[in-house]
Amino acid sequence: MGIRNLLSSFRGSDNSGSSGMFSSAMAIDLGTANTIIYQPGRGIILEEPSVIALERDSGNILAVGTEAKDMLGRTGADISVVRPLKDGVIKEATATMAMLRKFFEKAQTKRFAMRPRVLVCVPSGITEVEVNAVRTSLERAGAREVQLVPEPLAAAVGVGLPVESAVGNMIVDIGGGTTEIAVISLNSIAADGSIRVGGDEMNEAIVSYMKQNAYLLIGERMAETIKIKLGSMVEEDTREEEVSGMDATYGIPKSITVKASQIKTALQQPVKAIMQAVQQGLERTPPELGRDIVNRGIVLTGGGALLKGLDTVLSNETGLPVRIADNPLSCTVLGAGIILSDMYRYRKLLIT
Ligand SMILES: Nc1ncnc2c1ncn2[C@@H]1O[C@H](COP(=O)(O)OP(=O)(O)OP(=O)(O)O)[C@@H](O)[C@H]1O
Ligand SMILES: [Mg+2]
């Protein structure tokens, strides 16, 4: 046995810290849009879209992650491409389990223990039934022990907010399926709100806008690409992009030029819903914490935080300072990783 192995066997298998040796614990952000896995000592070991492609008759898995996402809207009747999570929670349990098992296999290396201890991030308003579904899916996929942490708390730790102190901090996480608003103080959520509006709704809004206003049929994937390239809440955005799809009247392929201002119009409804939810979250905030937020502002996390100009619009609407997290897509899992490395210190953040 080498000296490294000898040392690590003395230390036990968990909590390798920065040593990079054996670790059988990992943090997972099982999101509607993306699944990210983090292992203490190694960092992010997997980052893939939460998508699985199955052969319809046999149920055989054809692809997971990016490969499966590329198949969305491109397959015939014999293949089904499934996004097994919706609105932040598990919609299709078997598909979720199968996807997770594949992700575990993908992330596996020599250093990776077969049955890891898992800390998983879940929406703050999750029901007991939904908690059980997450637990069961992870256990069936190979996890040994499953613990849960509310997403906004993990995100707050990930962006370095002082979650343990008696000051109010506000996180607005705009994910694929949901937008979660949380005011955090003294290790817990003092006020929260969650709406089933996020990046997916924005994509759907673009699909219907293109159909109604440009007679162009596009898929969910194309809508997301347009959103990321052209989506903007900025007033004077003059960018344009070529968008192709099917003509809604004649059913033949066609291409048109789309302006950023059109996408801004298309996104008005979901963005308005997000603004209202933030306003309501603020109204529910106890006055002392509200005062802290006036000073400290709002931190935006989740992929939706990357929508150009959204921070400015939110700041104008609320009159509060708004800052986008440094790693909006990964701060939740990074926070869960920090919690995992010091479970005793952060035990009050966990769902019991
Ligand atoms: N530059 C961008 N502009 C706008 N939206 C973006 C951008 N980049 C990513 N997104 C969107 O962010 C969403 C994914 O964000 P994220 O990974 O935080 O969601 P998730 O954690 O999987 O979902 P949830 O938390 O709701 O379960 C997708 O809808 C994606 O289209
Ligand atoms: Mg998320």
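The values are calculated or read from the model by the stated rules, or taken from the named source; none is laboratory data. No experiment lies behind these values; they were computed from the predicted model shown. Note that each Cβ is placed from the backbone with ideal geometry, even for glycine, and that neighbours are counted across all protein chains shown. For the accessible areas, the whole protein counts, side chains as well, though only heavy atoms, and no ligand, DNA or RNA atoms are used. Shrake-Rupley method; radii C 1.70, N 1.55, O 1.52, S 1.80 Å.
The accessible surface of the chain, taken with every protein chain in place and a 1.4 Å probe, is 50 percent carbon and sulfur. Computed packing ranks the peptides 275-283, 119-127 as 119-127, 275-283, most packed first, by mean other Cβ atoms within 10 Å.
The peptide list 244-256, 296-308, put in order of mean Cβ contacts within 10 Å with the highest first, becomes 296-308, 244-256. Going by the alpha-carbon gyration tensor, a ≥ b ≥ c the square roots of its eigenvalues, is the chain rounded (a/c under 1.5) or, if a/c is not under 1.5, prolate (a/b greater than b/c) versus oblate? Oblate is the answer for the chain, as a/c is 1.5 or above yet b/c matches or exceeds a/b. The spacing between region 186-245 and region 73-96, judged by their C-alpha centroids, is 20 Å.
The Cα atoms of region 199-268 give a gyration tensor whose axes a ≥ b ≥ c have a/c of 1.5 or more with a/b greater than b/c, which makes the shape prolate. Only beta bridges with both residues in the chain are counted; by DSSP, about 70 percent of them are antiparallel. Ordering of 52-65, 190-203 by packing is 190-203, 52-65, highest average first (other Cβ atoms within 10 Å, averaged per residue). What you get for the chain, charging only the Cβ of Lys and Arg (+1) and of Asp and Glu (-1), is a dipole of about 1000 debye around the Cα centre. For the chain, the solvent-accessible area works out to 47 Å² per residue, with a probe of 1.4 Å and every protein chain left in place.
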